[in-house]
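For reference, the structure is listed below as structure tokens.
The values are calculated or read from the model by the stated rules, or taken from the named source; none is laboratory data. This one's a predicted model, so the numbers in the text were calculated from it and none came from an experiment. With ideal geometry, Cβ positions are generated from the backbone for all residues, glycine too; neighbour counts draw on all protein chains shown.
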Amino acid sequence: MKEKKQPAEWKKRLGRALWILFSLVMLAVLYLMLILIAPQDKDESNNSAPQPALADAETKQILTESDLALSMVDFPVPVMSFLSGSGWSMTDGVRESFPVNGGYGRVIRTYWKNKDGAAMTLESIYPADAFDSLGMKDYHFAAQSGPSLFQLPSVRMENETEIRLHVQTDNGLYAITAQKEYKQELGTAIRSIQLFTAEMKEN
């Protein structure tokens, strides 16, 4: 019976050298990937930095659309409102502060009705990540997605009686709330809701 020949020593060394070379190439590829990814991670951390908190401010009642325009003057982000001639009229509202990020955020909350008595609440909130200020009220995510608001996809939430749509822009958080019985009006009304600054509202 012939004895099985062992691989030549040079073949063993070649195989070992190739394995080391392969390992070095893979390490180099991994290193390059880490270099390329690192700047993106840095940018993401900068983008997620919290917006500066504000000082506390006196609560102001908003009784007319002129009051709303005045309340926008020193509000840190654009404010939601209906377009003129939309058929929706503001009944009242409030501008107030709430605790956030070691300081205070701001909200302008306005209440609207149309000629048929359908009601809607608009909330414009700073900072953009102040989701706690919305409150949950037993809301859950709806089976259907929300419509586009300000060219951004909205989130639709519901409870037993209400529908709420909210959207986060770069600077602000915006929410629209309506009773479920007015869901048809809600679908129509969002086409007449825009973001305004004080100058735009005065014009």
**Message:** Criterion first (part of a strand (DSSP E or B), small (Gly, Ala, Ser) and more than 12 Å from Ser124 (Cα to Cα)) does Ser89 satisfy it?
**Reply:** yes
**Restricting the range 82-95 to residues that are free of Cβ contacts under 8 Å to residues at least 60 places away in the same chain and crowded, with 21+ Cβ neighbours inside 10 Å, the residue that is farthest from Gly172 (Cα to Cα)** = Gly93
**Message:** Can you go through Lys4, Lys60, Lys11 and tell me which one is modelled with pLDDT under 75 and surrounded by 10 or more Cβ atoms within 10 Å (Cβ to Cβ)?
**Reply:** Lys11
**Fill in**
The residue that is farthest from Tyr104 (Cα to Cα), considering only those in the range 129-163 that are of a type in the set (D, E, K, R) and either surrounded by fewer than 14 Cβ atoms within 10 Å (Cβ to Cβ) or in contact with a Gly (Cβ under 9 Å, 6 or more places away or on another chain) (or both), is Glu160
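Just a yes or no: is a residue in the range 96-110 without any contact (Cβ under 8 Å) to a residue 24 or more places away in the chain, under 25 Å from Glu65 (Cα atoms), assigned by TED's automatic domain parsing to the domain that holds Leu68 and surrounded by 14 or more Cβ atoms within 10 Å (Cβ to Cβ)? Outline the logic, then answer.
Kept after step one, since they are without any contact (Cβ under 8 Å) to a residue 24 or more places away in the chain, are these residues of the range 96-110: 99, 109.
Then drop every residue that is not under 25 Å from Glu65 (Cα atoms), which leaves 109.
Those still in the list that are assigned by TED's automatic domain parsing to the domain that holds Leu68 too: 109.
If we keep only those that are surrounded by 14 or more Cβ atoms within 10 Å (Cβ to Cβ) too, we end up with 109.
Yes, the range 96-110 contains at least one residue that is without any contact (Cβ under 8 Å) to a residue 24 or more places away in the chain, under 25 Å from Glu65 (Cα atoms), assigned by TED's automatic domain parsing to the domain that holds Leu68 and surrounded by 14 or more Cβ atoms within 10 Å (Cβ to Cβ).
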**Fill in**
Among (1) farther than 23 Å from Ala49 by Cβ; (2) at pLDDT 95 or above, Phe75 falls short only on (1)
**Prompt:** Somewhere in the range 188-201, is a residue in contact (Cβ under 8 Å) with a residue 60 or more places away in the chain, in contact with a strand residue (DSSP E or B) (Cβ under 9 Å, 6 or more places away or on another chain) and farther than 23 Å from Asp67 by Cβ?
**Reply:** no
**Item:** Among (1) in contact (Cβ under 8 Å) with a residue 24 or more places away in the chain; (2) in contact with a His (Cβ under 6 Å, 6 or more places away or on another chain); (3) not hydroxyl-bearing (Ser, Thr, Tyr) - the single one Val155 does not satisfy
**Value:** (1)
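Among the residues of the range 48-81, which ones are part of a helix (DSSP H, G or I) and either touching a residue at least 40 places away in the same chain (Cβ under 8 Å) or under 21 Å from Ala175 (Cβ atoms) (or both)?
Glu65, Asp67, Leu68, Ala69, Leu70, Ser71, Met72
So which residues in the range 151-174 are of a type outside the set (S, T, N, Q) and more than 12 Å from the chain's Cα centre (by Cα)?
Step one: of the range 151-174, the residues of a type outside the set (S, T, N, Q) are 152-153, 155-158, 160, 162-167, 170, 172-174.
Within the range 151-174, Arg156, Met157, Glu158, Glu160, Glu162, Ile163, Arg164 meet the criteria.
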**Item:** Candidates Ser84, Ser89, filtered to the one that is under 15 Å from Ile193 (Cα atoms) and either modelled with pLDDT under 95 or not assigned by TED's automatic domain parsing to the domain that holds Ala118 (or both)
**Value:** Ser84
**Prompt:** Just one of Gln144, Gln184 is out of contact with any helix residue (DSSP H, G or I) (no Cβ under 9 Å at 6 or more places or on another chain), over 30 Å from Val73 (Cβ atoms), part of a loop (DSSP other than H, G, I, E, B) and of a type in the set (S, T, N, Q); which is it?
**Reply:** Gln144
